[in-house]
1. Taking helices (runs of 4 or more DSSP H) that do not extend beyond the range 11-93, which have at least 3 residues that are touching a residue at least 40 places away in the same chain (Cβ under 8 Å) and in contact with a helix residue (DSSP H, G or I) (Cβ under 6 Å, 6 or more places away or on another chain)?
2. Can residue 71 be described as of a type in the set (Ser, Thr, Tyr) and under 12 Å from the mean Cα position of the chain (by Cα)?
3. Just give me the residues in the range 94-128 being of a type in the set (Val, Ile, Thr) and without any contact (Cβ under 8 Å) to a residue 60 or more places away in the chain, in sequence order.
4. Check 20, 37 and return the single one that is of a type outside the set (S, T, N, Q), modelled with pLDDT of 95 or more and more than 30 Å from residue 125 (Cβ to Cβ).
5. Looking at this structure, is residue 7 modelled with pLDDT of 95 or more and either at negative phi or not in a helix (DSSP H, G or I) (or both)?
6. Considering only residues that are crowded, with 19+ Cβ neighbours inside 10 Å and either of a type in the set (S, T, N, Q) or in contact with an Asp or Glu (Cβ under 8 Å, 6 or more places away or on another chain) (or both), which ones fall in the range 111-140?
7. Quickly run through the range 129-146 and pick out the residues that are assigned to a helix (DSSP H, G or I) and free of Cβ contacts under 8 Å to residues at least 60 places away in the same chain.
8. Out of the range 42-80, which residues are among the aliphatic types (A, V, I, L, M) and in contact with an Asp or Glu (Cβ under 7 Å, 6 or more places away or on another chain)?
Amino acid sequence: MLLLSTSINTLAYAESTEDVIKYRKDIMKSLGNHISVIAANLKGKVSINEDILTHSKSIFLTFSSFNITKTFPENSGPSNSPNTKSLDNIWYEKEIFSDAMKNSIEKAQNLVLAAESNNKENIAKSLGALGKTCGSCHKKFRKKKN
């Protein structure tokens, strides 16, 4: 009975490559959505400025909690799935990829500080700096969009 229970638990917690890829895509989409909310406020498309700090903190928290090893495991690159936009160099340039993520964390923290000041010019500069880190990482480590 214990063996059967252990086997069922192992199956229930087994991760497939496709599930990990979907998971990391969902994380990236959530980051993009938070950035879009802040940008909409800064551009005057909406005027819900109290949301800027909350979404800035969400971006920082998401980047800070990102576990690269688990979110980008060795078996989840383009040779393992057609559903990933990740490039193989993520896995053979791990240190560069890790440094890029650390840079994003730093820029996200700066965004929170700017949002706390409630100075829209500083928020816009910080959001732009964060966007550059995202873009440089995507340029180096993600397939180009068609």
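The values are calculated or read from the model by the stated rules, or taken from the named source; none is laboratory data. All of these numbers come straight from a predicted model, not from anything done at the bench. Note that each Cβ is placed from the backbone with ideal geometry, even for glycine, and that neighbours are counted across all protein chains shown.
1. Values: elements: 17-42, 50-65, 68-71, 89-92.
Passing ranges, in order: 17-42, 50-65.
2. Numbers: of a type in the set (Ser, Thr, Tyr): yes; under 12 Å from the mean Cα position of the chain (by Cα): yes.
So residue 71 fits the description; yes.
3. Applying the first criterion (of a type in the set (Val, Ile, Thr)) to the range 94-128 yields 96, 105, 112, 123.
Residues satisfying the conditions are 96, 105, 112.
4. Working: 37 fails: more than 30 Å from residue 125 (Cβ to Cβ).
Exactly one of 20, 37 is of a type outside the set (S, T, N, Q), modelled with pLDDT of 95 or more and more than 30 Å from residue 125 (Cβ to Cβ), namely 20.
5. Answer is no for this residue.
6. Hits for the range 111-140 are 126, 133.
7. Restricting attention to the range 129-146, the residues satisfying the condition of being assigned to a helix (DSSP H, G or I) are 129-141.
Scanning the range 129-146 gives 129, 132, 133, 135, 136, 137, 138, 139, 140, 141.
8. First, the residues of the range 42-80 that are among the aliphatic types (A, V, I, L, M): 42, 46, 48, 52-53, 59, 61, 68.
Within the range 42-80, 53 is the sole residue that qualifies.
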